[in-house]
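Rule-based calculations on the coordinates, nothing more; no lab input. Please read all numbers here as calculations on a predicted model, not as lab measurements. So basically every Cβ, Gly included, is an ideal-geometry build from the backbone, and we count neighbours across all protein chains shown.
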Amino acid sequence: MRRFATMLSLVLILTGRYVAMAQWAPKEFPISFWCGPPPQFVSPERFKQIAAAGFNLAMPACEGPHTPEVNLRILDACKAAGIKAFVMDERMPLRISGDPSAKERLDAIVKDYAHHPALAGYFLTDEPGANAFEGLGEVVQYLQQKDPKHPAYINLFPNYASPQQLEAATYDEYLNRFIRTVHPFVVSYDHYHFLKGGDRPGFFANLDAVREAAQEAGLPFWQIVLAVPHLDYRPLTEAEKRWEAMHTLVYGGKGLMYFTYWTPTGNASEWGPAIIAHDGTPTPQYDEVRRINADVHVLGRYLLNAVFVTAFQNGPLSPGGHKREPGTPVAFQDEAEVTAGVFRADTHLYALLVNRNYRSAVSTQALFSCGSHRVEHLDRRTGKWIDVKGTRTAEGDLRVEVPLAPGDGELYRW
């Protein structure tokens, strides 16, 4: 346990206490999407449909116009649905220096939206290169001065972007320059893992890199995962989408987004059906994502404000995965492909165990170093904690049989 105690001490040094230290302090786990309803579909009923699928944040449509008139209709619809929105406005500058009208436009944007109860924040841009960070930092700082209650949102490239796209020599440099220069409220990035020809190898390395950079800065991170088939990306099963969501959680993610909610127009060779077809019809993905989001919300009640301590992979390592560190209070007695994340919150240690196999269920024997504390399992159907029955090893660990559905996760605490 000495190595694990060192991990906890480091968490205390970084955070000062066992709670998340960040500007962004939502009351429930943020779940959103890319590509909201196009302007002609904006209505209270449409956004109630969004809320019914378990989304609590709306992002802009991928089709314009993004005008005050459209955005205020979106905000009114979100208010009726009980959710909030990040608004994209065509007047938004991406830097202040060298733009004489930038502050005037920003003042007008704040005046138009800041008063609205459904405003979550301001959407700035997607996947900027590092050369844009200085200007974006100016805009973020100005918006914070004018409207400190509503943050500015920026999404970053994944780790498979080229150095030319990143405008940085390495991905770590890209992340650290963003945090140091822009001072964001969250580190958000996208990573699309499921290709037609197989699985992209950098998913876990990307999670690790973003989590480490965000945690060092005392920031949460969000991940945007794949939902819509397009280009070289395949249609996903429910278990594959669940795998994406659960691995976002197990690595300490504090927000989950899907690409995309509404099926985009244009070629993209060609866009397959997303969660909602382009004509507004729910696809089979709608119910799949609704079920996944319901589980994320239940788990998120405990993980949103929990401090990430460590994550490791049991069994054969996936690319970018790490083996268990000695002293970690979770271990396994077999080679099952399970990812384990350990968190600290309230008076408990939490362990989220996720099946890395999205095709087959697995049953594994987990060992919890819980001392004299009782181990509980979260029943996601009822939201209640259930005492776990197990057997004690000679070392005093509790051995527990853990069944995991394909790509799914289960939460324990003691």
Between region 18-95 and region 203-251, what's the alpha-carbon centroid distance in Å? 20 Å
Here, ALA394 and ALA294, labelled 7 Å along Cα→Cβ, have an inter-label distance in nm of 4.6 nm
Determine, from the Cβ-Cβ distance of GLU401 and SER372 and an R0 of 22 Å, the FRET efficiency 1/(1 + (r/R0)^6), rounded to the nearest 0.05. 0.55
Using the number of other C-beta atoms within 10 angstrom as an exposure proxy, rank CYS62, CYS370, CYS35, CYS78 with the fewest first. CYS62, CYS370, CYS35, CYS78
Using the number of other C-beta atoms within 10 angstrom as an exposure proxy, rank SER43, SER32, SER101, SER372 with the fewest first. SER372, SER101, SER43, SER32
By how many nm would the segment from SER360 to SER43 grow when fully extended, if each residue of separation counts as 0.36 nm and the alpha-carbon distance is taken off? 110.1 nm
Go through GLY218, HIS193, PRO319 and say which Cα lies farthest out towards the positive end of the charge dipole of the chain; charges sit on Cβ, +1 for Lys and Arg, -1 for Asp and Glu. GLY218
Full-stretch length increase - ALA80, ASN131 - with 0.36 nm per residue and alpha-carbon distance subtracted: 14.4 nm
Only loop residues by DSSP count here, and only those with at most 16 other Cβ atoms within 10 Å; note down the chymotrypsin sites (Phe, Trp or Tyr not before Pro) in region 121-211 that meet that. TYR160
Please arrange HIS150, HIS373 by counting, for each residue, the other beta carbons lying within 10 Å of its beta carbon, fewest first. HIS373, HIS150
Residue by residue, what Karplus-based ³J(HN,Hα) values in Hz, rounded to whole numbers, does region 125-141 have, using 6.51, -1.76 and 1.60 with θ = phi - 60° and x for Gly and Pro? 6, 10, 6, x, x, 5, 5, 8, 5, 4, x, 5, x, 4, 5, 4, 5
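Given R₀ = 35 Å, FRET efficiency for LEU94-ARG234 by Cβ-Cβ distance, to 0.05?
The value I calculate is 0.55.
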In degrees between 0 and 90, to the nearest 10, how far off the longest principal axis of the chain does helix 102-113 point, with axes built from Cα atoms? 70 degrees
Once GLU104 and GLN144 are pulled to full extension, the length gained, defined as 0.36 nm per residue separation minus their Cα-Cα distance, is 12.9 nm
If you keep only loop residues by DSSP, which trypsin sites (Lys or Arg not before Pro) in region 300-380 have at most 16 other Cβ atoms within 10 Å of their Cβ? LYS323, ARG324, ARG359, ARG374
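Report, in debye and to the nearest 20, how large the dipole of region 24-303 comes out about its Cα centre when Lys and Arg carry +1 and Asp and Glu carry -1 on their Cβ. Don't skip to the end; give the middle numbers.
Values: 25 positive and 33 negative charges, 150 e Å.
Computed charge dipole of region 24-303: roughly 720 debye.
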Within the chain, what percent of beta bridges assigned by DSSP are antiparallel, to the nearest 5? 60 percent
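What does the charge dipole of region 307-413 about its Cα centre add up to, to the nearest 20 debye, if the Cβ of each Lys and Arg holds +1 and the Cβ of each Asp and Glu holds -1?
160 debye
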Name the residue, out of PRO220, PRO316, PRO151, whose mean-square fluctuation peaks in a Gaussian network model built on the chain with Cα pairs under 10 Å. PRO316
MRE, 222 nm, helices only [DSSP H, n ≥ 4, -39500 (n - 2.57), over the chain, to nearest 500]: -9500 deg cm²/dmol
Column: log10 I(q)/I(0), Debye, Cα scatterers of region 120-181, q = 0.15, 0.20, 0.21, 0.25 Å⁻¹: -0.45, -0.74, -0.79, -1.01
Which listed residue (PHE41, GLY396, ILE96) has the Cα farthest towards the positive end of the charge dipole for the chain, taking +1 on Lys and Arg C-beta and -1 on Asp and Glu C-beta about the Cα centre? GLY396
Out of TYR160, PHE86, SER369 - ranked by how far each Cα lies towards the positive end of the dipole of the chain, with unit charges on the beta-carbon of charged residues - the top one is SER369
